[in-house]
1. Hey, which lysines would be in cross-link range of Lys174, C-alpha to C-alpha under 30 Å, not counting anything within fewer than 8 residues on its own chain?
2. If you average 1/r over all unlike Cα pairs in region 208-257 and invert the result, what Kirkwood radius do you get in angstrom?
3. Could you tell me the relative contact order of the chain? Use alpha-carbon pairs under 8 Å, at least six residues apart, and round to a whole percent.
4. Quick one: check the C-alpha center-to-center distance for region 106-162 versus region 30-52, whole angstrom.
5. Hey, what does the equivalent ellipsoid look like for region 14-233, semi-axes from the Cα gyration tensor as sqrt of 5 times each eigenvalue, largest first, whole Å?
6. To test your reading of the geometry: what angle, between 0 and 90 degrees and rounded to tens, separates the Cα axis of helix 14-31 from the longest principal axis of the chain?
7. Kirkwood hydrodynamic radius, computed over distinct alpha-carbon pairs, for region 248-324: how many Å, to one decimal?
8. Only four residue types carry charge here, +1 at the Cβ of Lys and Arg and -1 at the Cβ of Asp and Glu. Report the dipole size of region 137-194 about the Cα centre in Debye, rounded to the nearest 20.
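No lab work stands behind these numbers, since they all come straight from the coordinates. Quick caveat: nothing in here was measured; it's all calculated off a predicted structure. Every residue, glycine as well, gets a Cβ built from its backbone with ideal geometry; the counts of neighbours run over all protein chains shown.
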Amino acid sequence: MTSRHAGSSPDVPHEKIGQVQHRLLGWWDDSARDLPWRRTRDPYRIFVAEIMLQQTQVDRVIPYYDRWLEAFPDVEALAAAPTADVIRLWKGLGYNRRAVNLQRAASAVVGHGGAFPESVAELLILPGIGPYTAGAIACFAFEQDVPFIDTNMRRVLHRLFSGSDVPRPLANDKVIISIAEQVIPESDGWRWNQALIEFGALHCTARTPACVICPLQQQCDAFPAVLSDIQDQAQTRLKSRGTAIPFQQSNRYFRGRIMDVLRDREENSIGLMELGSMIKPEFESTDLPWLTELVIALERDGLTAVAEESPEYDASGAGAVRVGLPGTDT
């Protein structure tokens, strides 16, 4: 199936734009949550929040956000901290590479005088910052009317202006960004983009959108088809569920287990055989190549330090490798 918007940027009718703006911002004024990063225009604090919120629920982020700012209150404190401490404080949030990227970006900011750049183009130069995060900082810290999209924003804009996004989107990101740019209220980008995020998180959700009581129902190109599309998709998922690999058997799961062991360990490093037995009860020496690949991949991501414990000619091979957090003596 193709869409009239799939490969071209549509012109959104001005009348519809005005209706959507009025209704969505009215909903925001009545329903917005009071979140700590919405009470500040500090680009560092907004940056921290945006990175933590990637693939992590708001309620889970709040206590981590508070603890992080207590430990690293500004960009200088984060840049100067030992990387091992940064990774330890991230424990429980998952996707540990985000913590390392936060520190890399902080170091880059400090290296250029300590002030965050304000334009999207300059923000994109910082390590680990993509189009969404750059747009969010420019908008939420510097109140610029810039278009950007995350998962929630994309879903809301797609359903309103391009139709149902289930089982797959009909419009690509280039089209959605074009729509986003057209519908931003002048001089009100901060409130508008916050409203899009909030509406997607609380009301126009992926699997259970509240279409029946939606204030934008009459303006929505996806209603009512999206409701039957979601139901059909759920039935398809049930039929295919038995073929999926359990998360507890995935490399992503074991990467997380490795990081948990390294964070909690009093000694700086650990040998691979001991590490393997701690993350996988049935671990055997034949699993060493697999574990070696995992720790080397984590090292490439800046999350571990890997060192040889003995000369290369030692017959013990991979078992002589020791692993620790970055900045520790392995």
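1. Correct list for Lys174: Lys16.
2. 13.9 Å
3. Computed over the chain, the figure is 18 percent.
4. 13 Å
5. Value: 33, 19, 15 Å, ordered largest first.
6. 60 degrees
7. Every distinct Cα pair counted, the radius reaches 12.5 Å.
8. 360 debye
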